[in-house]
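The structure under discussion appears below in the form of structure tokens.
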Amino acid sequence: MKVLIIGGVAAGTKVAAKLKRENYNCDVTILTKSKEISYAGCGLPYYVSKVIPERSQLIVNTPESFSKLTGVSVMTEVEVTKVNPAEKTVDALNLNTQEVLKYEYDKLVVATGAEAIKPPINGIDLKNVFFMRTPDDADALRNAVEAGEIKRAVVVGGGYIGLEIAENLSSQGVKTTIIDMAKHILPGFDDEFGEYIENHLADQGIMTFTETKLEAIIGEEKVEKIKTNNRAFKADAVILSVGIRANTAFLVDSGIELMPNKTIKVNEFLQTNIEDIYAVGDCSTVTNRLTKEPAWSPMGSTANIAGRIAAKNIAGTKIAYPGVLGTAVAKLPELNVGRTGLTEAVAIQSGFNTISVVAVVDDKAHYYPDASSFIVKMIADRETKQLLGLQVLGKGAVDKMVDIAVTAITMGATLEDIENMDLAYAPPFSTAIHPISHVINILLNKISGEFETITPAAYANGEAKDYKVIDASISPSIDGADYVDLTKVTGELPELSKDEKLLLVCTKGKRAYMLQNRLKHFGYTNTLVLEGGTTFNEVTI
């Protein structure tokens with residue numbers, strides 16, 4: 001069987017290597033228009049800041065080493081220009097000699113990935129305008145920083161790569177600003193979490209300007225400033241991270257069905273609408289595991305998993321790709337962020353009877369050195385108690401929290417299914433009741449009505465304006481608020497009427513919950529706890 005793979009990097013090389021392990025007799029050839037076949041694209045921001053010191057560390061395999069390791073034939077600097085499904089061939093061009101080539105196949109895999117979007121604006125070709133998609137891109141930016149050319153930079157685009165670039169520039173003393181057209185940075189987080197992250201970045205010296213559109217890059221020979229719909233920004237460099245576009249233009253007349261965003265439509269077996277043609281990686285759209293709706297997941301993890309499954313299917317096994325959850329994690333200055341599943345907004349749009357809670361919990365034993373907190377938003381279905389999503393912020397191992405949630409969502413678990421799991425505990429790693437179990441307990445208490453709250457989003461929207469703020473912290477910490485010491489509440493409080501609307505606030509939410517529980521015992525009927533406390537919310541009287 002002759003298998004032709006268009007594209008390398010993550011998906012293409014994964015298909016090729018796995019296919020040769022499944023059946024070494026397969027004749028597998030990779031055609032790629034780049035010089036390199038496989039590199040660590042996710043590591044590029046860290047190469048810019050020398051966290052990864054050598055470019056060679058980004059190169060997973062050279063064409064020669066990959067070929068020797070796997071038995072796959074690798075043809076670099078060969079660009080496929082057309083696919084001919086009827087005759088099972090592809091037309092290609094040797095980029096060095098300009099020779100027109102034709103390759104035959106029994107099975108074809110399209111793994112052409114995606115390219116950075118280059119917006120059609122004035123100044124786009126000035127010196128010190130950078131992208132961040134390939135090792136050459138990272139080299140160019142790193143060299144400019146090392147040469148002392150960049151003191152102020154604007155990163156255009158507040159997605160994961162954009163924020164990682166911003167962090168790595170800032171760590172080298174470059175004054176860095178982020179602009180983004182969306183309401184908040186970091187897609188996949190609910191608005192209140194996006195706003196928290198923006199405020200945190202500002203505290204770290206990285207300013208973010210949302211709902212801000214880049215209109216022009218200005219300078220004589222190199223970048224001097226940018227113009228946006230809101231204001232101008234001085235800059236020595238612009239790093240464009242406004243998104244990517246699937247490399248599928250060459251498929252226009254092939255008959256292969258494309259999605260509205262020009263990615264390739266595939267079924268659960270990663271097959272296109274044309275027999276014997278598969279598609280994997282950033283150039284294809286898969287499905288969301290929860291909603292079963294189409295989902296574009298241009299992630300290295302998705303590319304590798306899908307590539308492996310496609311290879312097994314080509315080799316004769318029938319395995320369905322179950323879909324993605326939008327899982328992501330990123331390292332920011334003094335803050336790690338992670339998420340999986342549905343946001344509250346998307347869960348509501350998808351028809352779930354959605355309930356959520358924001359909780360602040362210890363990330364390890366509070367007395368252990370470097371102990372900190374996780375800020376967690378957990379989303380579930382109120383009726384079935386099915387876990388739908390998780391968002392988590394903190395200095396610690398947020399990926400651990402996210403991965404537990406991924407496992408639970410993948411298994412279709414309810415909150416009660418995972419309420420009392422025997423998770424690992426020792427003071428350097430966790431708390432006796434694991435942080436995720438703690439949040440599950442809080443959400444179950446909210447669902448049952450034992451814990452009555454107002455969410456940060458509702459509080460920011462003014463929905464507690466008729467409530468009297470009660471400071472329930474260990475010591476008074478909210479200016480202008482009445483203070484109630486939980487340890488001294490042994491009966492009715494003469495200064496508070498039992499039907500008075502009381503908003504109970506403490507640092508994290510735990511002490512306010514304990515006060516609410518006690519006040520209920522003494523007949524107080526109208527209390528709410530502010531989820532996330534003053535750790536997450538700005539409380540004003």
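The values are calculated or read from the model by the stated rules, or taken from the named source; none is laboratory data. Being a predicted model, the structure only gives us computed values, none of them experimental. Cβ sites come from the backbone with ideal geometry, for glycine too, and all protein chains shown count toward neighbours. In case anyone asks, the SASA skips ligands and DNA or RNA and just uses the protein heavy atoms, side chains included. Shrake-Rupley method; radii C 1.70, N 1.55, O 1.52, S 1.80 Å.
Being over 19 Å from A359 (Cβ atoms) and either within 26 Å of the chain's Cα centre (by Cα) or outside any loop (DSSP other than H, G, I, E, B) (or both) is the filter here, so list the residues in region 427-437 that pass it.
Within region 427-437, just F429 meets the criteria.
In region 369-426, which residues are within 21 Å of L325 (Cα to Cα), part of a loop (DSSP other than H, G, I, E, B) and of a type in the set (S, T, Y)?
Residue satisfying the conditions is T384 alone.
Given the criterion in contact with a helix residue (DSSP H, G or I) (Cβ under 9 Å, 6 or more places away or on another chain), open to solvent by 10 Å² or more (accessible area, probe 1.4 Å) and either touching a residue at least 40 places away in the same chain (Cβ under 8 Å) or hydrophobic (A, V, I, L, M, F, W, C) (or both), identify the matching residue among T354, T340, T327.
Only one candidate passes the filter, namely T327.
Which of the residues that make up region 64-92 are touching a helix residue (DSSP H, G or I) at 6+ places or on another chain (Cβ under 9 Å) and either among the polar types (S, T, N, Q) or at positive phi (or both)?
T70, G71, S73, T76, T81
If I ask for residues that are in a loop (DSSP other than H, G, I, E, B) and in contact (Cβ under 8 Å) with a residue 60 or more places away in the chain, which ones from region 264-274 would you list?
Those that are in a loop (DSSP other than H, G, I, E, B) and in contact (Cβ under 8 Å) with a residue 60 or more places away in the chain: T272, I274.
How many residues are crowded, with 20+ Cβ neighbours inside 10 Å, among the hydrophobic types (A, V, I, L, M, F, W, C) and more than 14 Å from V156 (Cβ to Cβ) when one looks only at region 207-257?
Of the residues in region 207-257, 3 are crowded, with 20+ Cβ neighbours inside 10 Å, among the hydrophobic types (A, V, I, L, M, F, W, C) and more than 14 Å from V156 (Cβ to Cβ).
May I ask you to list the residues in region 108-130 that are open to solvent by 40 Å² or more (accessible area, probe 1.4 Å), under 25 Å from N304 (Cβ atoms) and assigned to a loop (DSSP other than H, G, I, E, B)?
Here is the first cut: in region 108-130, the residues open to solvent by 40 Å² or more (accessible area, probe 1.4 Å) are 115, 117-118, 120, 122, 125, 127.
Keeping just the survivors that are under 25 Å from N304 (Cβ atoms) gives 115, 117.
Matches in region 108-130: I117 only.
If only one of T317, T287, T291 is in a strand (DSSP E or B), open to solvent by 30 Å² or more (accessible area, probe 1.4 Å) and either touching a Leu at 6+ places or on another chain (Cβ under 8 Å) or over 21 Å from P85 (Cβ atoms) (or both), which one is it? Outline the logic, then answer.
Working: T317 fails: in a strand (DSSP E or B); T291 fails: in a strand (DSSP E or B).
When all the criteria are applied, what remains is T287.
All but one of (1) touching a helix residue (DSSP H, G or I) at 6+ places or on another chain (Cβ under 9 Å); (2) surrounded by fewer than 18 Cβ atoms within 10 Å (Cβ to Cβ) hold for A457, so report the exception by its number.
Among (1) touching a helix residue (DSSP H, G or I) at 6+ places or on another chain (Cβ under 9 Å); (2) surrounded by fewer than 18 Cβ atoms within 10 Å (Cβ to Cβ), A457 violates only (2).
Consider Y105 carefully, then state whether it is open to solvent by less than 60 Å² (accessible area, probe 1.4 Å) and among the hydroxyl-bearing types (S, T, Y).
Here the answer is yes, as Y105 does meet what is asked.
Can you tell me which of K520, K498 is surrounded by fewer than 20 Cβ atoms within 10 Å (Cβ to Cβ) and assigned to a helix (DSSP H, G or I)? Step through it out loud before you land on a result.
Values: K498 fails: assigned to a helix (DSSP H, G or I).
Among K520, K498, only K520 is surrounded by fewer than 20 Cβ atoms within 10 Å (Cβ to Cβ) and assigned to a helix (DSSP H, G or I).
What is the one condition in (1) among the β-branched types (V, I, T); (2) touching a strand residue (DSSP E or B) at 6+ places or on another chain (Cβ under 8 Å); (3) under 18 Å from V357 (Cβ atoms) that V406 does not satisfy?
(3)
Could you list, in sequence order, all residues of region 134-154 that are out of contact with any helix residue (DSSP H, G or I) (no Cβ under 7 Å at 6 or more places or on another chain) and assigned to a loop (DSSP other than H, G, I, E, B)?
Within region 134-154, T134, A147, G148, E149, K151 meet the criteria.
Would you mention how many residues in region 326-345 are part of a strand (DSSP E or B), out of contact with any Phe, Trp or Tyr (no Cβ under 7 Å at 6 or more places or on another chain) and under 16 Å from E164 (Cβ atoms)?
So the count comes out to 7.
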